[in-house]
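Every number in this text was worked out from the coordinates using simple rules, so none of it is lab data. No experiment lies behind these values; they were computed from the predicted model shown. Glycine gets a Cβ as well: all are built from the backbone with ideal geometry, and neighbour counts include every protein chain shown.
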Amino acid sequence: MAENNQKPFVLESLEWDNTWIEKTEDETSPRVFYIGDSISVGTRRLGTILSDFHILFDGFASSKAPDNPYLAPSIALFAEQLRRPSAVLFNSGLHGSHLSDDGEYVRCYEELIRFLLDRFAGIPVFLILSTHTLDDKTTARVIARNEEVRKLAEKYQLPVIDLYTVSEGCRDAHSDFVHFNEEGYRKLAGAILDTVRPVLGIEGEKQ
């Protein structure tokens with residue numbers, strides 16, 4: 001048996017992947033590859049629906065933290081099944097709570113950015129800010145990490161989709177302290193569409 005030389009990493013108590021390829025028979029509509037967390041699961045298909053299926057959102061969502069050595073290979077393997085996307089969205093959400101905020105988290109996040117820019121060379125890559133929560137301590141950490149994401153976006157000249165600000169206006173649209181009901185997810189998906197549409201050259205009403 002081959003020896004596993006991967007460095008140690010932390011798993012959450014529940015580990016999961018959620019994958020989706022929209023309308024596989026459609027070979028002409030622009031596609032957005034949305035890589036994210038459980039929030040992306042809630043918003044992804046609504047992005048397709050709110051665009052009247054003019055934009056198809058494919059998705060790879062996972063609980064894998066940014067330091068998980070299997071995250072990038074899992075994304076790459078799934079992407080082999082996809083037609084070339086017109087844009088890539090990335091957000092790691094709250095996963096990686098074991099990573100320190102004194103540089104450890106941002107180093108892992110930056111490695112993923114470099115992976116995405118290499119794997120999807122020539123395709124616009126958007127960084128998505130993590131959403132507001134109903135827990136003050138968790139939200140403080142989200143704010144701090146979002147600021148680091150903004151700095152990385154500036155360093156690599158990548159556009160940012162600010163779902164944090166949108167989610168602050170959805171305090172009454174939570175299903176629990178982190179996740180949202182359909183009303184909340186529709187607002188998040190609408191904000192994504194408003195940002196992505198101009199890049200794809202597709203007109204549409206602001207959501």
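Within the chain, what's the longest stretch lacking trypsin sites (Lys or Arg not before Pro) that sit in DSSP loops with no more than 12 other Cβ atoms inside 10 Å? Don't skip to the end; give the middle numbers.
Values: sites that count: LYS23, LYS206.
Answer - 24-205.
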Query - Charge sum, other residues only, whose C-beta stays under 10 Å from VAL160's C-beta, Lys/Arg counted +1 and Asp/Glu -1 - result: -1
Report summary line: Mean separation of Cα contacts under 8 Å (at least 6 apart) over the residue count of the chain, i.e. the relative contact order in percent, is 21 percent
Report task. Go through LEU82, THR43, PRO198 and say which Cα lies farthest out towards the positive end of the charge dipole of the chain; charges sit on Cβ, +1 for Lys and Arg, -1 for Asp and Glu. Result -> PRO198
Requested in this report: Within region 93-199, report the chymotrypsin sites (Phe, Trp or Tyr not before Pro) that DSSP leaves as loop and that have at most 12 other Cβ atoms within 10 Å.
Outcome: PHE177
Query raised in the report: Around ASN18, which amide H atoms from residues at least 5 apart in sequence, or from another chain, sit under 5 Å from its own amide H, with H modelled in the peptide plane?
Result: ALA61, SER62
Requested in this report: For ARG141 paired with TYR156, estimate the spin-label separation in nm (one decimal), with each label point 7 Å from Cα along the Cα-to-Cβ line.
Outcome: 2.3 nm
Requested in this report: Return the loop-located GluC sites (Glu not before Pro) in region 4-107 (DSSP other than H, G, I, E, B) with at most 13 other Cβ atoms within 10 Å of their own Cβ; answer none if there are none.
Outcome: GLU15, GLU25, GLU27, GLU80
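Only counting other Cβ atoms within 10 Å, I'd like LEU46, LEU11, LEU193 sorted with the fewest neighbours first. Kindly include the intermediate steps, with their values, before the conclusion.
Values: LEU46 20, LEU11 11, LEU193 25.
Taking fewest neighbouring Cβ atoms as first place, the list is LEU11, LEU46, LEU193.
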Query - Cα-centre dipole for the chain with unit charges at Cβ (Lys and Arg positive, Asp and Glu negative), debye to 20 - result: 380 debye
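Calculate, in nm to one decimal, what LEU77 and HIS98 gain on full extension: separation in residues at 0.36 nm each, minus their alpha carbon distance. Intermediate results must be reported in sequence, preceding the final value.
Details: separation 21, 0.36 × 21 = 7.56 nm, distance 2.59 nm.
Length gained between LEU77 and HIS98: 5.0 nm.
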Report task. Would you list, by chain and number, the aspartates and glutamates whose Cα falls below 14 Å from the Cα of LYS155, excluding same-chain residues fewer than 8 positions away? Result -> GLU110, GLU111, GLU147
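Only Lys, Arg, Asp and Glu count, each charged at its Cβ (+1, +1, -1, -1), so figure out the dipole size of region 50-172 about its Cα centre, rounded to 20 debye.
Numbers: 13 positive and 18 negative charges, 64 e Å.
The dipole magnitude comes to about 300 debye.
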Query raised in the report: Mind listing the phi-derived Karplus ³J(HN,Hα) values for region 184-197, rounded to whole Hz, using 6.51, -1.76 and 1.60 with θ = phi - 60°, and x for any glycine or proline?
Result: x, 5, 5, 5, 5, 5, x, 5, 5, 4, 4, 7, 7, 3
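Among the DSSP beta bridges whose two residues both lie in the chain, what percent are antiparallel, rounded to the nearest 5?
25 percent
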Report task. Give the residue from PHE115, ASN68, GLY169 lying farthest towards the positive end of the charge dipole for region 31-200; charges sit on Cβ (+1 for Lys and Arg, -1 for Asp and Glu) and the dipole is referred to the Cα centre. Result -> PHE115
Query raised in the report: Between ARG107 and GLU12, what length comes free when the chain is fully extended (0.36 nm per residue of separation minus the Cα-Cα distance, one decimal in nm)?
Result: 32.2 nm
